[in-house]
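What follows is a single structure, written as structure tokens, with notes after it.
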Amino acid sequence: MSIDLKTIKHISKLSRISVDDKKAEKLAGDLNSIFDFIEKLSELKTDNVQPLTSVAETTLKLRPDEIKSKNIREQILKNSPADNEDFFVVPKVVE
Amino acid sequence: MDLVSKEQAEYLIIRGDKEYEVVIGLEVHAQVTSNSKLFSTSSTKFGAEPNTQVSLVDAAFPGMLPVINEFCVKQAIKTGIGLKAQINKRSVFDRKNYFYADLPQGYQISQFKDPIVGEGKVILDMPNGQKEVGIERLHLEQDAGKSIHDMDPHNTFVDLNRSGVALMEIVSKPDLRSPDEVNAYIKKLRSIMRYLGTCDGNMQEGSLRADVNVSVRLKGAKDFGTRCEIKNVNSIKFMQMAINYEANRQVDLIEDGQKIDQETRLFDTKKNETRSMRSKEDAHDYRYFPDPDLLPLEVTDEFIDSIKSEIPELPDDKKKRFIDEFKISPYEATILVSDIEVAKYFEEVVAKMGKNKDMKLAVNWITGELFAVLNDKNLEISQSPISAKNLAKLINLIKNGTISGKIAKSIFEDMINGDVDPQVIVEEKGLKQQSDPKALEVLIEKIINENRDKAIEYKQGKEKLFGFFVGQVMKNSGGKANPQMVNEILKAKLQE
Amino acid sequence: MSDITKQTLNSLVQNIKEKKLSSYEVTKSFVERSEKSKKLNAYITEDFSNALLKAKKFDDSPNFDLKLPGIPIAVKDLFCTNGIRTTAASKILNNFIPTYESTVTQNIWDEGGILLGKLNCDEFAMGSSNETSYFGNVQNPIDENLVPGGSSGGSAAAVSGQLTPITIGTDTGGSIRQPASFTGTVGLKPTYGSCSRFGIVAFASSLDQAGPMAQNVEDCALLQEVISTYDPKDSTSIDFKRNQYRKELSKNIKGKKIGIPKEYRVDGMPKEIEDLWQKGIEHIKNCGAEIVDISLPHTSYALPTYYIVAPAEASSNLARYDGVKYGFRSEGQNLIDMYEKTRSEGFGSEVQRRIMIGTYVLSSGYYDAYYLKAQKVRRLIKNDFDEAYKVVDAILTPSTPSSAFKIGEKKDDPISMYLNDIFTVPVNLAGLPAISIPAGHDAKGYPLGLQIIGKAFAEQEILNIAYAMEEKIEFKNKINDWWI
């Protein structure tokens, strides 16, 4: 399995992390050795095996339809990088 | 240049001698009626100040975790039952990963491979008969927040109040073939959910939105064409316009020998056209995987049965009962059951009419006069200025001959301003119609005597003059003469 | 009173309850020692003045019914602490001050504990040597320029160096047990679902678990009693009857069957590790327990499985760090530009690498071959343990394939770094509890650990086995305060 620069650029776009060519090359190298290591899994036959998503041995607990969280706008916006009392502010989306 | 085929009311796009059929599938997003959100305990109320209904979980702070709302699960199952659909006892929540300013987690919790509700169906009442539209599935997912682009030239403002509200995504099979069918389908879905109380269907408030999938193919073709998705259309009118535009666009491309790119588009409500969404090209890779913060949802037969027992009479059944019990036409019944509030109002009027009901009057006054007023004032029937009780009274007054239909209309106008008991208005204004044959005879004889020449002309064949005499009688009686009796007596007297 | 900071947690609790020591005295001692120990770089955020105020307040109206009465405790900087900066050792949360508390730390404060400060770790818990922290490396108290292990490196160093009597870490692939082994301390990873994950900065949701890191087994058991509770705010929290771990601690493990998995005898394993393991086996026998040879056939697939599952979940968990709501933001020309700059500048290289791996294995066309495959192999690994537990009560293995290595030694070789977790990772994949206890030293004099893995919810059992072995091993951590 060979991960090329094009793939690195694609993944970095999906994960919203910018890469220049130098960084992309290093990443490609790292990922390739990691994936060589991971390839080992293909040795195993797993056609009839049920995937395991969670080891928590319980069922999903349902909660009652109660409003417990009140207006905490100040708390919510306190840590935001922009200085606005009502909204989160981000640079315009290019649609 | 869309022309509809002259033979049937079939929606086809015609180019020369080629007929293209339009295949439509809808993904409807319906906001679940509940107090709190799907995975957090914030309120879901519409119209709050920005970011005042946002919890730490909604804003995706570090270490926050989702906990599912039992009522939302019930609402989804209830809706599934209303869609005559398969309820899946085991379903899984998956993360749909993408980045957007109004998606604080960087993923949406949704259901991908194992939704809570499976296949079902919806019956539409179309002018040329009933049509069955298949439902592919219904699943629960989180709604996103709101991005506001027009408050600042350089920035987008984000309000997370809506972030995390429960949505039901209802996916139809590609069974729809025209904007009219889409209209009927949305209205039917909305009606069912309002009957069940699972979604209020308020499109202006955004409770109901749809993504519209459109493709075209030559009429009679077996394979589907490439489809385009028009995202987030929030009114039926826009859906219809978008479909019309898109279908024509696709046909034009095909006729031009071009391929249709499978893509996501927006409907521009100012230009009335669809256009491609630039930012979504790589958003197709949502990298769905089961949410490790949640376990599979398992519901028991008992749980489902208890929900079944809460289901009220649904529109299709109510329609059947209205036809059987009240002997009204299928067309009338369809209108009356389309909205649960209308059906409730109608049944209340019927009940309040007591013995000797006049169904026809009830149907006509509600679907005619009352609907006109509600439309004019932009009111829901639940906000009707005239109560069912008083409308029933008005109808009874017509039925028992106390007033004429015409007088009733003027009383109705008065009632709009304050839901007054019509009996009171009749008494106060002395509007009782004159139904005493002897008094009418006297009046009519008087009128005929005053218009001898016209009476002779009438007898000689000028039948149009009948209207003149009726008019005179009505004028002289202050409009209160009983019209049927006037007709009978006048006819007889003029022949003498 | 002899050196306060040399006392065990239980001894300090006892002394405070008996009024032989005040909370203020105890807290002051740890504060002073911590202040002298900056070279270890164990702390990211110190809260010493507040700690002393709280200690005074405790002394003014003490409650000796509490399990940790007036005890100062520093915690890993992955636990959100209300009003106190919580960074996850990352630039992207450098200025983040939570307005809420994690369940696990709240449990500690409810039982009388007092926050000393937030301890250094690998960035977002990704690492095995505490060399990926934005706030710099942590030094192992055992020797200069030695890694303490990771990701809970700061925690391990703090306990080992006695800057705090006890602490909590998190373990996703070995991040409590491996640094415990490297620093000569005891580290417990409880059963998945035992401790609440609410308020802990998430790395890999199906693997993360908080746990105590202590100087001895008894201390570990006491803290486990405090932190393990059912939490309805965490959907993966399990409502089971929890033991009173310290109260029910027993050295009697007669008749217990302890499994020795042959697959843990890896190629090229240093002889010292093998010898340590053998010694452990002898101790088990001396305690009256029985040794059984078992097989965990899919052991060698655990690490590759982990390096698909953990990054996949992490890539999604870390998507929320986007500069919009909190944390570091780098200005961009538009939204996407802002995201990309913020995350490239805010995340360190190891974190970026793992996010990329995770994004890739979940991406279209690769999901089946990688993520789905890994989830299937995970099932096989869990089945191995289920089978083994039909014949044994617990499993004994080495904790790590080597002792602590030098800072910088493995930094450029990710695979070599990942191999540190070879014995610990299968446990997280199966969701089982496991404890690492210091069991000996290598030729360099650096500590080595043995791991006892238990059945699900059998924390008491493995604590007991550890307790029994601890007595036989008589391990002495050689701390010479080289950094002071």
| task | Using amide H atoms built 1.01 Å from N in the peptide plane, name the residues 5+ places from residue B:107, or on other chains, whose amide H lies under 5 Å from its own. | result | B:98
| Under the Karplus curve 6.51 cos²θ - 1.76 cosθ + 1.60, θ = phi - 60°, whole-Hz ³J(HN,Hα) for the stretch B:77-90, x wherever Gly or Pro sits | 5, 4, 4, x, 5, x, 9, 6, 9, 6, 9, 8, 5, 10
| Restricting attention to the alpha-carbon atoms of the stretch C:111-163, what are Rg (one decimal) and Dmax (integer), both in Å? | 11.2, 36
| task | Would you mind getting me the FRET efficiency between residue B:130 and residue A:39? Use the beta-carbon distance for r and R0 = 45 Å, nearest 0.05. | result | 0.20
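How high is the FRET efficiency from residue C:3 to residue B:306, r the C-beta distance, R0 45 Å, rounded to 0.05?
After rounding to 0.05, the efficiency reads 0.10.
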| For chain B, what relative contact order do you get, as a whole percent, if you take Cα pairs closer than 8 Å and at least 6 residues apart? | 13
| note | Diffing the stretch C:356-368: the Karplus 3J(HN,Hα) column from phi (6.51, -1.76, 1.60, θ = phi - 60°), in whole Hz with x for Gly and Pro, holds 5, 4, x, 4, 5, 5, 9, 6, 4, x, 10, 3, 5
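For chain B, what does the equivalent ellipsoid look like in terms of its semi-axes, each the square root of 5 times an eigenvalue of the Cα gyration tensor, given largest first in whole Å?
55, 29, 21
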| task | Using θ = phi - 60° and the Karplus relation 6.51 cos²θ - 1.76 cosθ + 1.60, list the HN-Hα couplings for the stretch B:417-424 in order, rounded to whole Hz, with x at every Gly or Pro. | result | 7, x, 6, 7, 4, x, 4, 4
| Directionally averaged projected area (convex hull, Cα atoms, chain C), nm² | 21.4
| Quick one: helix B:340-353 against the long Cα principal axis of chain B, what's the angle to the nearest 10°, folded into 0 to 90? | 30
| query | In 20 Å bins starting at 0, how do the alpha-carbon pair distances of the protein assembly as shown split up by percent? | reply | 11, 34, 27, 15, 7, 3, 1
| message | Using Cα-Cα distances under 8 Å and only pairs 6 or more residues apart, what relative contact order does chain C have, in percent? | response | 18
| note | Using alpha-carbon positions, the gyration tensor of the stretch C:186-247 gives root eigenvalues a ≥ b ≥ c; with a/c under 1.5 called rounded, otherwise prolate if a/b exceeds b/c, else oblate, the class is oblate
| field | Relative contact order computed over the stretch C:1-87 (Cα-Cα under 8 Å; 6+ residues apart), in percent | value | 34
| query | So what's the back-of-envelope 222 nm ellipticity for chain B, counting only DSSP H runs of four-plus at -39500 (n - 2.57) apiece and dividing by all residues, rounded to 500? | reply | -11500 deg cm²/dmol
| field | Spacing of the two label points (7 Å from each Cα toward its C-beta) at residue C:247 and residue B:387, in nm | value | 6.5
| query | Which values of log₁₀ I(q)/I(0), to two decimal places, follow from the Debye formula for the stretch C:1-110 at q = 0.11, 0.20, 0.23 Å⁻¹ with a uniform point scatterer at every Cα? | reply | -0.38, -1.15, -1.36
| query | Could you list log10 I(q)/I(0) for the stretch C:126-277 at q = 0.11, 0.12 Å⁻¹, which the Debye formula gives when each Cα is one point scatterer? | reply | -0.49, -0.58
| Can you give the % of DSSP beta bridges in the protein assembly as shown that are antiparallel, to the nearest 5? | 85
| query | By per-residue mean of other Cβ atoms within 10 Å, what is the highest-first order of B:445-457, A:10-22? | reply | A:10-22, B:445-457
| field | 5 Å-binned pair-distance histogram of the stretch B:436-496 (Cα, whole percent) | value | 3, 20, 37, 25, 12, 3
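Quick one: divide the alpha-carbon radius of gyration of the stretch B:148-253 by 2.2 N^0.38 Å and tell me what you get.
Compared with the compact-globule rule of thumb, the stretch B:148-253 sits at 1.28.
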| query | Under the classification rounded if a/c is under 1.5, otherwise prolate if a/b is larger than b/c and oblate if not, where does chain A fall, given a ≥ b ≥ c as square roots of the Cα gyration tensor eigenvalues? | reply | oblate
| field | Cα gyration tensor shape for the stretch C:333-484, rounded if a/c is under 1.5, else prolate or oblate | value | oblate
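Under the 0.36 nm per residue contour assumption, what length would be gained going from the current alpha-carbon distance of residue C:65 and residue C:482 to full extension?
Contour length minus Cα-Cα distance gives 146.3 nm.
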| note | In the structure shown, of C:241/C:472; A:6/A:26; C:285/C:478; C:118/C:410; A:92/B:237, the pairs separated by more than 19 angstrom at the C-alpha atoms are C:241/C:472; C:285/C:478; C:118/C:410; A:92/B:237
| query | Volume per residue, Å³, of the convex hull around the alpha-carbon atoms of the stretch A:1-47? | reply | 81
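Bear in mind that the values in this text are calculations on the coordinates, not laboratory data. Since we're looking at a predicted model, the values are computed, not measured. Cβ sites come from the backbone with ideal geometry, for glycine too, and all protein chains shown count toward neighbours.
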